[in-house]
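Quick notes on the structure that follows.
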Amino acid sequence: MKNRIRLAFTIIILFVVKLVTAQNPIIQTKHTADPAPLVYNDTVYLYTGHDEDDAFGFKMENWLLYTSTDMVNWTDRGIIAGVKEPNKTFVWADGHSAWAAQCIARNGKFYLYCPTIHKGKMAIGVAVADSPYGPFVDALGKPLVFRESHGDYDPTIFIDDDKQAYLYWGGNGPCYYAKLNEDMISLDGEIHTASIDFTGTPPEAAFTEGPWIWKKNNHYYLAYASRCCPEGIGYAMSESPTGPWKCMGTIMDPDERSSGNHPGVIDYKGSSYVFGFNYEIMKRTVSKHNERRSICVEKMTYNSDGSIQKLPWWTIKGVQQIGSLNPYSKTEAETMAHSEGVKTEFATEWERNIPWDKGAKIADRLYVTSINNGDYIKLQGVDFVNGSKSVDVNVASLYGGKIEIRIDKIDGQIISTVSVNSSREGDIWKTFSAPVSKVIGKHDLFFVFKGEKDLFNFDWWKFNSK
């Protein structure tokens with residue numbers, strides 16, 4: 001009996017360790033789906049769909065943005081477009097179903113292609129911004145693609161070496177494509193059906209939805225969510241951006257642990273990556289299947305003939321970090337490699353002139369909230385090259401509490417404890433400081449929260465070098 005208890009305890013500990021060190025799914029504070037990564041100016045901009053916390057089916061009202069420069073620490077940038085007030089981008093949208101979007105840069109502008117519902121049918125709109133962070137505004141005042149077809153969704157955008165842009169899309173039927181004019185907001189010619197040859201490939205490689213097009217070493221690639229359900233990630237190759245395409249099989253086979261999938265592929269700092277999603281975070285909280293998805297990423301490898309090596313199902317460990325995180329720069333609290341329990345929230349702050357008047361707008365703020373005893377945030381690969389004498393944290397507190405800052409593991413050495421005082425005005429942001437014990441070199445960093453009730457909101461942190 002003692003051996004059984006010891007074995008059970010060991011299994012529990014190993015499971016906890018896996019959760020602590022896990023990098024997949026890469027976002028824990030929200031349910032995210034339909035990844036659309038964009039590499040721009042040495043940064044990965046990850047545009048995502050957003051499954052609401054109470055979703056049973058597809059309840060999606062806005063598009064989100066996350067950024068990273070090391071592939072493991074991701075910063076929440078908030079809502080960048082939506083189909084419902086107060087974030088409604090397209091006045092013509094029916095107000096629900098913010099499905100898989102993709103963003104691309106051209107001539108100093110950023111174009112976000114968004115599928116949603118118009119007059120009860122799927123349509124594809126396009127929004128434009130001067131920055132990858134937005135704000136994105138409707139470029140046309142009407143859909144770019146609307147044929148009263150249920151299959152006009154999941155757009156992917158590609159600009160070839162000759163500067164010709166292509167729009168591919170489609171779901172639960174054929175894959176469609178059309179050329180785009182240089183303005184990126186109008187079609188150049190007719191809509192075509194992509195020709196994909198599936199001869200000799202397994203049935204699980206068949207096209208279902210979610211296409212993603214790119215080019216590498218003179219080969220054109222079309223990846224997609226393959227045969228439903230469950231969906232894997234299939235792909236085809238061509239010598240032309242318009243095909244014909246030859247199915248090459250799957251990048252990732254379907255798996256019963258996930259009914260859906262949706263690929264996004266990039267090259268970044270010398271490696272290739274494929275993004276998709278699973279349902280692991282949803283499964284930790286509910287026993288039945290709901291559409292509450294979570295984005296994952298894996299490193300992808302090409303063979304000498306251009307074909308892609310098949311990957312196993314999404315691993316827990318995810319991908320390796322590129323470089324390190326600088327602790328001496330002010331870091332937003334919503335930057336994290338992993339977290340447990342916390343959420344992120346956006347709020348607009350107003351100057352308080354008189355009790356019944358909000359006054360002037362001060363700032364927009366995105367921060368970490370829903371912090372309770374035992375919750376934590378993990379940062380990976382933080383390099384204390386100069387040591388540290390103190391740490392500053394910016395929080396807004398009602399009940400107060402403590403932040404234990406630990407290194408290497410969640411119960412690792414405490415290098416600092418920041419005491420956060422309670423405040424009668426819980427929405428006033430204050431900076432608290434604490435000394436830091438000796439720490440040098442590269443470590444994983446854990447902010448572990450201690451206290452009672454709903455502790456505080458957390459905006460940013462910064463270590464001060466010796």
Taking square-rooted eigenvalues a ≥ b ≥ c of the alpha carbon gyration tensor, is region 133-215 rounded, prolate or oblate, where a/c under 1.5 means rounded and, failing that, a/b exceeding b/c means prolate? prolate
Net charge dipole size for region 24-300 [Lys, Arg +1 and Asp, Glu -1 on Cβ; Debye, nearest 20]: 260
Given the peptides 398-409, 190-201, arrange them by the average over their residues of other C-beta atoms within 10 Å, most packed first. 398-409, 190-201
Where in region 102-141 does the label zone of Lys163 land, with the point 7 angstrom along Cα→C-beta and an amide N cut-off under 11 Å? 107
With a ≥ b ≥ c from the Cα gyration tensor eigenvalues, square-rooted, and the rule rounded for a/c under 1.5, otherwise prolate when a/b > b/c and oblate otherwise, region 24-300 is rounded
Using the beta-carbon distance between Phe346 and Asn326 and R0 = 41 Å, what value does 1/(1 + (r/R0)^6) give for FRET efficiency, to the nearest 0.05? 0.95
Amide H to amide H under 5 Å from Ala337: which residues, 5+ apart in sequence or cross-chain, H placed 1.01 Å off N in plane? Trp74, Lys378, Leu379, Gln380
Efficiency by 1/(1 + (r/R0)^6): what FRET value for Asp411 and Ser240, r their Cβ-Cβ distance, R0 = 45 Å, to the nearest 0.05? 0.20
Packing-based ranking, highest mean first, of 180-186, 336-342 given that Cβ atoms within 10 Å are counted: 336-342, 180-186
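Give Lys88/Lys163; Lys59/Lys109; Lys88/Lys119; Lys30/Lys462; Lys109/Lys269 a once-over and call out the pairs whose C-alpha atoms are over 21 Å from each other.
From Lys88/Lys163; Lys59/Lys109; Lys88/Lys119; Lys30/Lys462; Lys109/Lys269, over 21 Å: Lys88/Lys163; Lys59/Lys109; Lys30/Lys462; Lys109/Lys269.
Can you show me the helix-derived [θ] at 222 nm for the chain, built from DSSP H runs with n ≥ 4 at -39,500 (n - 2.57) apiece and divided by the number of residues, rounded to the nearest 500.
Working: 2 runs with 26 residues, N = 466.
Mean residue ellipticity, 222 nm, calculated: -2000 deg cm²/dmol.
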Taking region 361-394, which chymotrypsin sites (Phe, Trp or Tyr not before Pro) meet the DSSP loop condition and have no more than 13 other C-beta atoms within 10 Å? none
Work out the length of the dipole vector of the chain about its Cα centre, built from +1 on the beta-carbon of each Lys and Arg and -1 on the beta-carbon of each Asp and Glu, and round it to the nearest 20 debye. 1600
For region 206-220, take each phi angle, set θ = phi - 60°, evaluate the Karplus expression 6.51 cos²θ - 1.76 cosθ + 1.60, and give the result in whole Hz per residue in order, putting x for glycine and proline. 5, 5, 10, 6, x, x, 9, 10, 7, 10, 8, 6, 6, 9, 9
Treating the angle as unsigned and between 0 and 90°, give the value, to the nearest 10°, between the Cα long axis of helix 2-21 and the longest Cα principal axis of the chain. 70
How much length, in nm to one decimal, is gained on full extension between Lys179 and Phe58, taken as 0.36 nm per residue of separation minus their Cα-Cα distance? 40.6 nm
Report, ordered by chain and residue number, the aspartates and glutamates lying within cross-link reach of Lys453, taken as a straight Cα distance under 14 Å and ignoring same-chain residues fewer than 8 apart. Asp375
Result for the chain, cysteines with no Cys Cβ partner under 4.7 Å, is Cys103, Cys114, Cys175, Cys247, Cys296
Heads up, region 90-167 by the C-alpha gyration tensor (a ≥ b ≥ c square roots of eigenvalues; a/c under 1.5 rounded, else a/b over b/c prolate, else oblate) looks oblate
Out of Gly173, Thr156, Val342 - ranked by how far each Cα lies towards the positive end of the dipole of the chain, with unit charges on the beta-carbon of charged residues - the top one is Val342
Distance in Å, no decimals, from the C-alpha centre of region 62-127 to the one of region 309-350 is 21
Any residue on another chain or 5+ positions along whose placed amide H is under 5 Å from the amide H of Ile371 is listed here as Leu455, Phe456
Starting from 0.36 nm per residue, how many nanometres of slack lie between Ser186 and Lys283 once their C-alpha separation is accounted for? 30.7 nm
Residue-ordered couplings for region 374-381, obtained by feeding phi - 60° into the Karplus form 6.51 cos²θ - 1.76 cosθ + 1.60 and rounding to whole Hz (Gly and Pro as x), are x, 5, 8, 10, 10, 10, 9, x
Length gained if Glu148 through Phe432 is fully extended, taking 0.36 nm per residue and subtracting the Cα-Cα distance, is 96.6 nm
Compute the FRET efficiency between Thr301 and Asn421 as 1/(1 + (r/R0)^6), taking r as their Cβ-Cβ distance and R0 = 56 Å, and round to the nearest 0.05. 0.60
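Read-outs: derived from the displayed coordinates by stated rules, not from any lab. Just so it is clear, the model here is predicted, and its values are computed rather than measured. Reconstructed Cβ throughout: ideal geometry from the backbone, glycine too, with neighbour counts over all protein chains shown.
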